[in-house]
Amino acid sequence: MGCVFFPKEVDRRALLIAGLCAVIPDADIVAFSLGIPYESPWGHRGWTHSLVFAVFLGSSAGWLFYRRQRYWLRMALWFILAVASHPLLDMLTTGGLGCALLWPFSAERLFFPVRVIRVSPLEAGAFFSTWGLKVLLSEGVWIGLPAAGLILARFFWMKIRDGFAKK
Ligand SMILES: [Zn+2]
């Protein structure tokens, strides 16, 4: 996302922050050890998997790390999209409950009509198994390949544009 849509702002630190933003929604698995049921809005794939949370966390990260830059709002937008990508991709997975994407306006758990990404096990231990391997493979096909394709497409588009600019 950074390489394709925010090429001027992309650097190692920004990629790290965006990456963290994209995984933070799953910190909600602590809800299980707190006895909060999966289907609760405060449970796994609940409030932290909403667009409101994405706006809150993404803009906070943009302000926290880039407020002294004139382009901090662009960074905030990137981080908001990074957080939002998490529930949107979860909504393409084959298992578990859907995401409370519209929380706090609706607690309904949503999936997309088409679900192609193999769902990840909830226990870390189970990830080191054939299931974990199949999840990685599935994510590689449905997330990694399209992302790589977008980066390549942008690279060639820039090459073509620069070629025209020289003429
Ligand atoms: Zn998740």
> Between segment 106-137 and segment 40-86, how many Å separate their Cα centres?
Replying inline: 23
> For the chain, what does -39500 (n - 2.57) per DSSP helix run (n ≥ 4), summed and divided by total residues, give at 222 nm, in deg cm²/dmol to the nearest 500?
Replying inline: -16500 deg cm²/dmol
> Ranked from highest to lowest mean number of other Cβ atoms within 10 Å per residue, what is the order of the peptides 107-113, 121-127?
Replying inline: 107-113, 121-127
> How far is it, in nm, from the label point at Lys134 to the one at Val52 when both lie 7 Å from their Cα along the line to the Cβ?
Replying inline: 3.7
> Which value in nm describes the separation of the simple spin-label points at Ile24 and Val4, placed 7 Å from the Cα toward the beta carbon?
Replying inline: 2.3
>> Pairs of alpha-carbon atoms within less than 8 angstrom and 6+ residues apart define the contacts here; what relative contact order does segment 97-159 have, in percent?
In response: 20
> What is the calculated FRET efficiency for Ala153 to Ser33, with r their C-beta to C-beta distance and R₀ = 45 Å, to the nearest 0.05?
Replying inline: 0.55
> Mean Kyte-Doolittle of at least 0.0 and a Cα length of 27 Å or more along the axis: which whole DSSP H helices of the chain meet both?
Replying inline: 72-90, 145-166
> So what is log10(I(q)/I(0)) for segment 72-167 at q = 0.16, 0.25 1/Å, when the Debye sum runs over its Cα atoms only?
Replying inline: -0.87, -1.24
>> I'd like the trypsin sites (Lys or Arg not before Pro) in segment 3-88 restricted to DSSP loop residues with at most 16 other Cβ atoms within 10 Å, sorted by number.
In response: Lys8, Arg67, Arg68, Arg70
>> Can you give the Rg/Rh ratio of segment 1-116, where Rg is from the C-alpha atoms and Rh is the Kirkwood radius?
In response: 1.02
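Every number here is computed from the coordinates shown, using simple stated rules; none is lab data. Predicted, not measured: the structure shown is a model, and the values here were computed from it. Note that we place each Cβ from the backbone using ideal geometry, even for glycine, and neighbour counts take in every protein chain shown.
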